[in-house]
Structures are given as C-alpha cells and as structure tokens.
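This report refers to the structure that appears directly beneath it.
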Amino acid sequence: MAPLEPWEKVLVSASFLESTHGQFTCVQCHGGTQSPDKDTAHTDLIANPYTDSVGRCDRCHAEIMANFPDSLHASLSGYPVAMQSRSVPENHPALQEAYNNHCSKCHSSCTDCHITQPQHLGGGFLDGHNFVKTPPMTRTCTACHGTRVGDEYLGKHEDIPGDVHFRVGRMNCVACHSGESLHNTPPDARGNRYWGEQSPACTTCHTTVGQKDDPILQHTIHGEKLSCQVCHSVSYTSCDGCHVAISEKTGLPFFRTEATYLTFFIGRNPLDNENRPYEYVPLRHVPVAPTSYQYYGENLLPNFDLRPTWMYATPHNIQRKTPQNQSCNSCHGNAEIFLTADKVKPEELNANRRVIVEEVPAPIPGQ
Amino acid sequence: MNKMRIWLVMLTGLIILLTGCARATQSVPTATLPLPTQPPVPTATAQPQVNYCVECHTDKDRLIQTAKPEEEVISESEGAG
C-alpha cells in the first residue's frame, strides 16, 4: 500500500479514546509535556514506549511479555548466530557493528505489529492508534516477510499460483502461526527457527497424512524421508551475494543484492534435528557471500564453509498438485529438480557438500 | 399509714406505666420519607485540564498544517531485501 501522509500517521481516532488503552493519559505512555506548543509538548517524547523500555504492555500482558523479549521477532537472534557461525570470535565486534547498522531494524516490538505499520514502510497508525489484536497480514506480516514469503503466498510471481491455503482457504498468517508462536520462541529454536518443534506443522490440520487410513499411498511410502514441501511446493525465491555498507553521500546504511531468482531444488537436509528428520528437503540459496561484510573488515567470515548457502526452506506456495508429484518419475530420475554439484557455484561447493545430492534417486521402471 | 403506702405504690406504678407508653409512642414513625424520583444532580467541580495532545492529534486539519514535511531519503539499496 502507498505510504501514509505525515499527518495521517499520527491522527488519533475518537474510537481509540473510548477504548481500554485510550484510558491511559498520553504522557503516561509517551512522556512529553502537556502544552499547546508543539515543540514543548514533544520535548522528551517517547514515540514507541515499548522500544524505549518504559512501556506499560507488561502491566496487563505480563504473560506475553515474560517471553517476548527472547522471541525471534524481538531478539532476531538467528542473525548473529548465522553470522558468527561462519566467523571467529575476534571478528564478532565488527560483525556486531554490521548487524546493528543493517539487520537490527527488522526487530519488531508490540507496537510494530499491533499499532503501526513497520518503520521501513514509513510507520504510521494502522487504525487511528487503536490496538489491532490480529495484525493485518499485508500491512504488517508480509510487509516485512515479503520477498520470500509474502510474494510466494499471495501468488505475486508470474505464472506461479499463490499458496492453496490463501487461494482456496483464504487463510491469513495467523491461521497457522498462532499468537503464542509469534510471541514466544522455545529456547532450543532461538538460534535457528527450524530447530525447535515444528510449529505450525502440516499434520496439525492434515491429521491422516502418513497414517493407516491415509488414502494417498505416496504419503506412507515416503514417510519421514521427505518434508511435505518436497512434493507440495513450487518454485520459490533465492538470492545471491548481499553486501552491506554505509553510504559516503548520505551516511546511511544500504545493501546490494547481486541476484534474485526463482528455483526449485531438492537437496539433502542440512539439519541434524529430530524434529525434522527428513532426508530430502527443498533448499533455498540465502544471500550470503564470503565478502558480505567486508566494508567492516577483511575476511570477516573465515569459516564460510562451515554453513551451507543452500538452506532448509519451507516455501509458502503449497499446491496439491505440483510438477514433481505428477508421477513417480516426475521426481525419481529427474536431475533437474535436485541440487547437484553442477548447480552450485564453484566457490560454494565446499560449504554445500552436506546438502548436494550426489546420486539422484533412480527412475522407477514401468512408471 | 398502710393506705398511704398502697396509694403511693399505685401512683408510682401509674407514672412508670404512662412514661413507658409515652416512649413507645415517640419511637413510632409518624410518616415515611418520600423516595427520590430523579437521580442526584452532579455537583459542579473544577473544569478538567485541556488535553493538548488529544486536542491536536484528533484534529486532522491542524495536523495537516503543523506536520513537518518528511525529507525524501533516496535509498542506495539495490535488489531484494
């Protein structure tokens, strides 16, 4: 949607003043001073009470706030883990500086989902300062998770249909991603969102999959060898070579991504994880390169090869019928859809040795 | 003398009896108070302070007049974020 006008961003509706949250006085949450003069009134103003740690959310929502600061939405702890795992401790300060300048803005607070649009869209009230219990999908969720989730889910790529859960089911994000899972990340998943228990899991709704009464033979044949997305997702976005720096002209941080493209590659599961025991999963190229942070120092990722650049993926463009599940041999023996060595950049072969498929499953005779 | 005593006792008893009746008569309400038919009228108090924040932030025209124009920041970022 178009950015809001400056006045529109801060226009408080009459309904807010009658709401529960509207019973607080303005200065109780935002500081500032009661004055008819704008500059005086805005002295020491706290635009986002949660961010400035003088918020009142926890006074009533203590149960949520107890764990929210450790959630991935609030802490973004997956970023430093990914950066540091390719590096060495002496490089951590430089990487931290890069993270602070380029990555930390994606942190989200209570207000970023329930009161305003994300700041990178220019901010502004969602609904006249009313607290919106369920964040609107396209103005909050996919405003941040756009390139690799929103565009796939909503079907914005030409000739690639949107996710069946959206096209047919008209489901929004919270239909699967509960408030509990968005507010609270289990301790074992705080460094990698794909580490803890699968939540949501496809089988929460599709309860018969792989069970005795499952009428689809392929589900029981493949069992836990394949993640659901191997058979039910279609081409999704991959990116290459993101580099970050500070502009000499404006002093502002910026990034440049070398390439963005659509692929569908099945590879070996990079996770050694009992919650995701699959042998094969779809893999997405993440936009890291050995020189991604070189603006902040030379050779900051000396252990680049310790982590694949083709990573575990759960594309949000699920279809019942896909090119690879048309028949057994749409997949078996079809080297085009497997991440084989020839599809990996030579300088990344070592990093991806664990996920590259060396031997494509053989065609099934007579099929 | 005995007659005098009898009369004195009877007179004392009569006084006590009449006094008791008089007290009983006083405690009985003579009439019920009328019930209020209108809610109480609030007593005027000091006018509340003007909430300048609300006054301004609910006034669209005033916000349009006073909002600082946002400087357009041309991002040097390229490609998908």
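Within region A:79-131, how many residues turn out to be out of contact with any Lys or Arg (no Cβ under 9 Å at 6 or more places or on another chain) and outside any helix (DSSP H, G or I)?
Matching residues across region A:79-131 total 12.
Which number in (1) of a type outside the set (V, I, T); (2) without any contact (Cβ under 8 Å) to a residue 24 or more places away in the chain; (3) surrounded by 14 or more Cβ atoms within 10 Å (Cβ to Cβ); (4) out of contact with any Gly (no Cβ under 9 Å at 6 or more places or on another chain) marks the one condition that A:D159 misses?
(3)
Only one of (1) in contact with a His (Cβ under 8 Å, 6 or more places away or on another chain); (2) in contact (Cβ under 8 Å) with a residue 60 or more places away in the chain; (3) of a type in the set (A, V, I, L, M, F, W, C) fails for A:C176. Which number is that?
Just one mismatch for A:C176, condition (2).
Against the condition aliphatic (A, V, I, L, M), within 30 Å of A:M65 (Cα to Cα) and either surrounded by fewer than 16 Cβ atoms within 10 Å (Cβ to Cβ) or at pLDDT 95 or above (or both), how does A:A201 come out, does it pass? Let's see the steps before the verdict.
On the way: aliphatic (A, V, I, L, M): yes; within 30 Å of A:M65 (Cα to Cα): yes; either surrounded by fewer than 16 Cβ atoms within 10 Å (Cβ to Cβ) or at pLDDT 95 or above (or both): yes.
In short, yes.
Among the residues of region A:129-143, is any over 16 Å from B:A80 (Cβ atoms), buried (at least 18 other Cβ atoms within 10 Å of the Cβ) and within 12 Å of another protein chain (Cβ to nearest Cβ)?
Yes, there is a match, as at least one residue in region A:129-143 is over 16 Å from B:A80 (Cβ atoms), buried (at least 18 other Cβ atoms within 10 Å of the Cβ) and within 12 Å of another protein chain (Cβ to nearest Cβ).
Taking the residues in region A:35-51 that are away from every other protein chain (no Cβ under 13 Å) and within 28 Å of the chain's Cα centre (by Cα) as candidates, determine which candidate is modelled with the lowest pLDDT.
Of region A:35-51, the ones away from every other protein chain (no Cβ under 13 Å) are A:44, A:48-51.
Filter again for within 28 Å of the chain's Cα centre (by Cα), leaving A:48-51.
Working: A:N48: 84, A:P49: 82, A:Y50: 74, A:T51: 60.
Among those residues, the one meeting the criterion is A:T51.
Hey, any hits in region A:84-95 for a residue that's within 30 Å of A:P270 (Cβ to Cβ), among the charged types (D, E, K, R) and out of contact with any helix residue (DSSP H, G or I) (no Cβ under 6 Å at 6 or more places or on another chain)?
Yes, region A:84-95 contains a residue that is within 30 Å of A:P270 (Cβ to Cβ), among the charged types (D, E, K, R) and out of contact with any helix residue (DSSP H, G or I) (no Cβ under 6 Å at 6 or more places or on another chain).
For region A:285-309, what are the residues that are touching a Lys or Arg at 6+ places or on another chain (Cβ under 7 Å) and either within 14 Å of chain B (Cβ to nearest Cβ) or aliphatic (A, V, I, L, M) (or both)? Show your work before the answer.
Filtering region A:285-309 for residues touching a Lys or Arg at 6+ places or on another chain (Cβ under 7 Å) gives A:301, A:303-304, A:306-308.
Correct list: A:L301, A:L306.
Taking A:T207 as meeting all but one of (1) under 24 Å from A:E279 (Cβ atoms); (2) touching an Asp or Glu at 6+ places or on another chain (Cβ under 9 Å); (3) more than 14 Å from chain B (Cβ to nearest Cβ), write down the number of the exception.
Of the numbered conditions (1) under 24 Å from A:E279 (Cβ atoms); (2) touching an Asp or Glu at 6+ places or on another chain (Cβ under 9 Å); (3) more than 14 Å from chain B (Cβ to nearest Cβ), the odd one out for A:T207 is (2).
Would you please name the residue that is nearest to the other protein chains (Cβ to nearest Cβ), looking only at residues in region A:233-270 that are part of a loop (DSSP other than H, G, I, E, B) and of a type in the set (S, T, N, Q)?
Taking region A:233-270 and keeping what is part of a loop (DSSP other than H, G, I, E, B), we get A:233-235, A:247-252, A:264, A:269-270.
Narrowing further to those that are of a type in the set (S, T, N, Q): A:233, A:235, A:247, A:250, A:269.
Numbers: A:S233: 19, A:S235: 15, A:S247: 5, A:T250: 7, A:N269: 25 Å.
Looking at residues that are part of a loop (DSSP other than H, G, I, E, B) and of a type in the set (S, T, N, Q), I get A:S247.
State yes or no: is A:L95 modelled with pLDDT of 90 or more, under 25 Å from the mean Cα position of the chain (by Cα), on the phi > 0 side of the Ramachandran plot and of a type outside the set (D, E, K, R)? I'd like the intermediate steps shown before the answer.
Values: modelled with pLDDT of 90 or more: yes; under 25 Å from the mean Cα position of the chain (by Cα): yes; on the phi > 0 side of the Ramachandran plot: no; of a type outside the set (D, E, K, R): yes.
No, not satisfied.
The values are calculated or read from the model by the stated rules, or taken from the named source; none is laboratory data. A quick note: this is a predicted structure, and the numbers were derived from the prediction, not measured. We place every Cβ from the backbone using ideal geometry, glycine too, and count neighbours over all the protein chains shown.
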